[in-house]
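S.K.: Take a look at the following structure, please.
The values are calculated or read from the model by the stated rules, or taken from the named source; none is laboratory data. Computed from a predicted model, the values in this text were never measured in an experiment. So basically every Cβ, Gly included, is an ideal-geometry build from the backbone, and we count neighbours across all protein chains shown.
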Amino acid sequence: MRNAGELKKYKFYLKFKGGHNLIFETNTDIRTAERNKVNGGLFVDTENNYTINLAQLESLNVKILH
C-alpha cells in the first residue's frame, strides 16, 4: 500500500503514434496543463518529470483517483 504522501490525483493511459504506450500517475492534469512551445511542437511537463509531446499522442485516457 502507498503512503499518503505518494497518492496521485490522476492515472493517465497514453498511446503514441508509432505504437508506444505510457501509463503513469501524476498530480498534473495534462489535459489542461500549461503548454510549452518548443521548435513548433506543443509539450506538457508533469511534476514527476515526464515531458509529453502532444503532437505525438494518438489517444489519451484518464482515471481520476481521488
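S.K.: Out of region 12-44, which residues are at positive phi and free of Cβ contacts under 8 Å to residues at least 12 places away in the same chain?
M.R.: Those that are at positive phi and free of Cβ contacts under 8 Å to residues at least 12 places away in the same chain: GLY19, ASN39, GLY40.
S.K.: Ok, one more. Looking at LYS11, LYS63, LYS15, can you tell me which residue is outside any loop (DSSP other than H, G, I, E, B), modelled with pLDDT of 95 or more and in contact with a Ser or Thr (Cβ under 6 Å, 6 or more places away or on another chain)?
M.R.: LYS15
S.K.: Okay, moving on. Would you please name the residue that is nearest to the chain's Cα centre (by Cα), looking only at residues in region 24-57 that are loosely packed, with under 11 Cβ neighbours inside 10 Å and in a strand (DSSP E or B)?
M.R.: THR51
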